[in-house]
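Please read the structure below before turning to the comments.
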Amino acid sequence: MAKGQNQPQEQDINQLLKVRREKLQQLRDDGKDPYKITSFDASHHSQEIKDQYEELEGKEVLIAGRIMSKRVMGKASFCNVQDLKGSIQCYVARDIIGVDSYKDFKKMDIGDIVGAAGTVFKTKTGEISIHLTSITLLTKSLQVLPEKFHGLTNTDLRYRQRYVDLIMNPEVKETFIKRSKIISSIRHYLDGQGFMEVETPMLVANAGGAAARPFETHYNALDEDVKLRISIELYLKRLIVGGMERVYEIGRVFRNEGLDTRHNPEFTMMELYQAFTDYHGMMDLTENLYRHIAQEVLGTTTITYRGIEMDLGKPFERITMVDAVKKYSGVDFEQIHTLEEARNAAKEHEVVFEERHKKGDILNLFFETYVEEHLIQPTFVMDHPIEISPLTKKKPDNPEYVERFEFFMNGWEMANAYSELNDPIDQRERFKAQEELLAQGDEEANTTDEDFMNALEIGMPPTGGIGFGIDRMVMLLTDSAAIRDVLLFPTMKTLGGVKSENGVKDKEDSTPKSEPEKIDFSKVKVEPLFEEDVDFDTFSKSDFRAVKVKECVAVPKSKKLLQFTLDDGTGTDRTILSGIHAYYEPEELVGKTLIAITNLPPRAMMGIDSCGMLLSAVHEEEGEEKLHLLMVDDHIPAGAKLY
């Protein structure tokens with residue numbers, strides 16, 4: 001039924017597209033091909049005209065932009081032209097622009113790009129407008145924009161076709177204008193503090209400086225396997241060795257990991273290093289930098305994110321990791337002296353750990369489980385265990401811990417900073433410990449970078465260093481819900497071939513439809529059917545419901561679990577965890593309609609209560625387990641009961 005309802009709409013759109021191409025052909029036949037126009041010199045943007053109305057009233061202006069609405073009324077018409085800064089109403093009168101130009105204007109479509117000249121005035125209703133004396137078609141739009149009042153609301157399509165999103169949703173454009181201003185503000189502040197911006201390699205032989213899995217590729221000219229960088233750190237430290245005392249880089253880094261609302265495989269990071277200071281110097285710099293950006297870009301040091309107010313004007317809280325864990329979990333790691341004691345504490349407090357984890361790792365797991373969510377206001381968490389900080393100086397008075405801090409806001413890690421390790425003998429021992437972890441299966445462990453070791457042996461001064469996640473900073477300062485909302489072109493799963501990569505159909509394709517795919521089930525093994533019967537009363541107590549995926553993220557520190565936030569029709573979000581990350585990336589499941597059993601008792605997984613179970617179909621094929629999450633027609637509403 002739904003398919004039948006869509007057919008007339010598709011036919012209507014196809015007819016509109018045909019008409020637009022016919023209009024273009026007519027323009028070409030008449031010698032008015034818009035694509036031959038090479039430039040148009042606009043004098044003002046729309047918002048400038050509105051802001052400077054008193055000065056510009058009655059004067060001629062030239063604007064260029066896209067027609068977003070149009071009302072034709074006999075001898076006079078109105079249209080709305082949108083440019084970078086906003087939009088403005090234009091009054092088009094046949095007697096002013098001429099009969100032929102008016103005919104051409106009437107044939108223009110929503111989405112066409114025009115250049116226009118006219119005088120500034122106010123209508124009887126007080127709207128600042130332009131009384132056009134000429135209008136020129138600069139680009140013919142051959143596609144139909146989404147319906148004006150609803151805009152482009154399909155989230156997946158918004159990310160895939162960001163160009164349409166920017167046209168239809170002014171707030172999206174404003175977010176990216178702010179992003180540009182934020183990055184400019186960072187540069188402005190650091191340049192004023194005597195830092196030098198540099199550029200370092202993205203393709204590296206040894207991807208170090210962070211705990212993450214790299215992307216790998218092959219350099220054909222050198223016949224060498226190389227990796228995309230996961231951090232900027234080690235090259236910047238080489239520059240400190242070379243005598244460049246204050247350096248920073250803003251650039252892309254790449255981590256071969258999952259996608260969720262706060263993570264994208266390629267993201268923008270800013271790292272800086274300053275000789276002759278320590279992590280306390282980095283705290284002062286971070287505090288001043290954030291205040292500067294907020295004041296310069298937003299005009300205030302008080303920001304609101306998702307309704308939560310955060311104050312960048314007050315001194316930021318500073319607390320050690322041990323004290324933070326004690327404050328929020330009640331466990332005092334100063335009283336825990338052995339690995340066995342740490343493991344026992346973890347078991348008592350349902351903190352999941354692995355056999356390879358040492359005491360410091362377990363302290364960090366406590367922190368992630370009990371503390372992070374409480375760090376809403378700007379907070380520096382200091383003095384991390386040495387096990388999780390391979391590039392950091394030990395605290396002189398307690399060598400089990402290092403001079404490191406993480407900066408938190410809204411429960412998120414926003415920055416990570418060290419008093420940088422400059423002892424080459426100590427550093428080699430740390431790299432050796434990391435290589436042992438790699439041998440034990442930790443894919444995120446570092447390997448020894450011999451050239452970096454050589455640089456350290458030449459001598460690096462005492463140095464403070466810090467890395468900022470630019471995308472999360474932009475999320476907070478623009479009140480954006482997900483990292484994709486602040487990335488112009490976020491990573492998306494391909495929807496097929498190149499033609500359909502972003503949900504774009506090949507309009508010229510006239511290839512006949514192929515036969516339905518023939519699926520070979522000959523190598524499939526399924527579990528035997530249960531021999532035991534279940535009485536109907538017992539079965540009927542299981543509540544099977546349709547649920548819609550509002551959000552899906554990878555569970556931190558778990559390679560298998562995905563955390564689903566679901567609409568089950570009750571008005572209250574339901575959380576269900578499912579161990580299917582090996583089969584699906586979180587981003588491809590958002591918006592899907594699934595089937596869940598909703599009346600199972602809550603079950604704690606990685607410290608998170610899972611309230612129900614999502615249904616999947618499982619089979620074996622050539623010795624490998626295959627899994628398909630059950631997805632149903634999106635026309636089924638959330639909460640619909642299955643019988």
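Overall form of the range 24-182: oblate. Here a/c, set by the Cα gyration tensor axes a ≥ b ≥ c, is 1.5 or more, and a/b is not larger than b/c. If you count Lys pairs in the range 559-643 whose Cα atoms are under 20 Å apart, skipping same-chain pairs closer than 8 places in sequence, the total is 5. Summing charges over all other residues whose Cβ lies under 11 Å from the Cβ of Glu620, with Lys and Arg as +1 and Asp and Glu as -1, gives -2. Label-to-label distance, Glu620 versus Asp537, with points set 7 angstrom from Cα along the beta-carbon direction: 3.7 nm. The residues packed around Glu334, meaning those with a beta-carbon under 15 Å from its beta-carbon, carry a net charge of -2 if Lys and Arg are +1 and Asp and Glu are -1. Around the amide H of Val226, modelled in the peptide plane, lie the amide H atoms of Thr217, His218, Tyr219, all under 5 Å away and 5 or more residues distant in sequence or on another chain. Excluding ligands, DNA and RNA, the accessible surface per residue across the range 219-361 is 48 Å² with a 1.4 Å probe. A Förster distance of 25 Å, applied to the separation of the beta-carbon atoms of Val19 and Glu147, puts the FRET efficiency at 0.90.
Note on the chain: antiparallel DSSP beta bridges, both residues inside, total approximately 90 percent of the bridges counted. Computed from backbone phi with θ = phi - 60° and the Karplus coefficients 6.51, -1.76 and 1.60, the 3J(HN,Hα) list for the range 38-49 is 9, 7, 8, 8, 6, 8, 8, 8, 4, 5, 5, 5 Hz; x is used for glycine and proline. If the chain linking Asn154 and Thr565 were pulled fully straight, counting 0.36 nm for each residue of separation and taking away their Cα-Cα distance, it would gain 146.1 nm. Per-residue surface analysis assigns Val204 an accessible area of about 10 Å², computed on protein heavy atoms at 1.4 Å probe radius. Where q = 0.10 Å⁻¹, what log10 of I(q)/I(0) comes from the Debye formula for the range 323-450, counting one point per Cα? Here log10 of I(q) over I(0) equals -0.33. Assign one of three labels to the chain, namely rounded, prolate or oblate, based on the Cα gyration tensor with a ≥ b ≥ c the square roots of its eigenvalues; rounded applies when a/c is under 1.5, prolate when it is not and a/b is larger than b/c, and oblate otherwise. It comes out oblate by the Cα gyration axes.
Protein heavy-atom accessible surface, 1.4 Å probe, per residue over the range 383-495: 38 Å². Computed extension length for Ser522-Thr494: 7.2 nm, one decimal, from 0.36 nm per residue of separation with the Cα-Cα distance subtracted. A cut-off of 5 Å between modelled amide H atoms, ignoring neighbours fewer than 5 places along the same chain, links Lys592 with Val549.
Near the amide H of Leu487, within less than 5 Å, lie no amide hydrogens of residues on another chain or at least 5 residues away, with H placed in the peptide plane. Here the accessible area of the range 368-468 is 47 percent carbon and sulfur, with a 1.4 angstrom probe and all protein chains present. The residues of the range 1-121 expose on average 60 square angstrom of accessible surface per residue, using a 1.4 Å probe on protein heavy atoms.
Simple spin-label estimate for Ala640 and Thr572 gives 2.5 nm between the two label positions (7 Å along the Cα-to-Cβ direction from each Cα).
Centre-to-centre, using Cα atoms only, the range 77-115 and the range 355-376 are separated by 61 Å. Between Glu429 and Tyr35, the FRET efficiency from the beta-carbon distance, with R0 = 45 Å, is close to 0.10.
Projected label points at Leu339 and Lys124, each 7 Å from Cα along the beta carbon direction, are separated by 8.6 nanometres.
Projecting the Cα atoms of Gly281, Ala324, Gly313 onto the charge dipole of the range 273-325 (Cβ charges, centred on the Cα centre) puts Gly313 farthest toward the positive pole. Counting only residues at least eight positions apart within a chain, or on another chain, the lysines with an alpha carbon under 17 Å from that of Lys36 are Lys23, Lys140.
Of the peptides 405-413, 82-90, the order by per-residue mean of other Cβ atoms within 10 Å, starting with the highest, comes out as 405-413, 82-90. Bridgeable lysines around Lys237 (alpha carbons under 26 Å apart, same-chain partners fewer than 8 residues away excluded): Lys227, Lys393, Lys394, Lys395, Lys432. Determine which lysines satisfy two conditions relative to Lys557: a Cα distance under 21 Å, and not lying fewer than 8 residues away in the same chain. Partners within reach: Lys347, Lys358, Lys359.
Label zone (Asp479, point 7 Å along Cα-to-C-beta; backbone nitrogen cut-off 11 Å) within the range 297-311: 303-309.
Dipole magnitude for the range 110-256: computed about the Cα centre from +1 point charges on Lys and Arg Cβ and -1 point charges on Asp and Glu Cβ, it is near 460 debye. Within the full protein context, the accessible area of Ser616 is estimated at about 40 Å² for a probe radius of 1.4 Å.
The gain in end-to-end length when the Asp332 to Phe78 segment is fully stretched comes to 84.4 nm, 0.36 nm per residue minus the alpha carbon separation. Computed from the C-beta positions of Ser134 and Asn169 and an R0 of 35 Å, the FRET efficiency is 0.70 to the nearest 0.05. Counting pairs of alpha carbon atoms under 8 Å apart in space and at least six apart in sequence, what relative contact order in percent does the chain give? Over the chain, the number comes to 9 percent. Sparse packing (at most 14 other Cβ atoms within 10 Å of the Cβ) combined with a DSSP loop state is found for the following GluC sites (Glu not before Pro) in the range 568-643: Glu622. Met73 exposes around 100 Å² of accessible area when a 1.4 Å probe is run over every protein chain in place.
A simple count of charges around Tyr584, restricted to other residues whose Cβ falls under 15 Å of its Cβ and scoring Lys, Arg +1 and Asp, Glu -1, yields -3.
The values are calculated or read from the model by the stated rules, or taken from the named source; none is laboratory data. Here the structure is a predicted model, which means the values were calculated and not measured. Note: ideal-geometry Cβ built from the backbone for every residue, glycine included; neighbour counts use all protein chains shown. The area values use the complete protein model at the heavy-atom level, side chains included, leaving out ligands, DNA and RNA. Shrake-Rupley method; radii C 1.70, N 1.55, O 1.52, S 1.80 Å.
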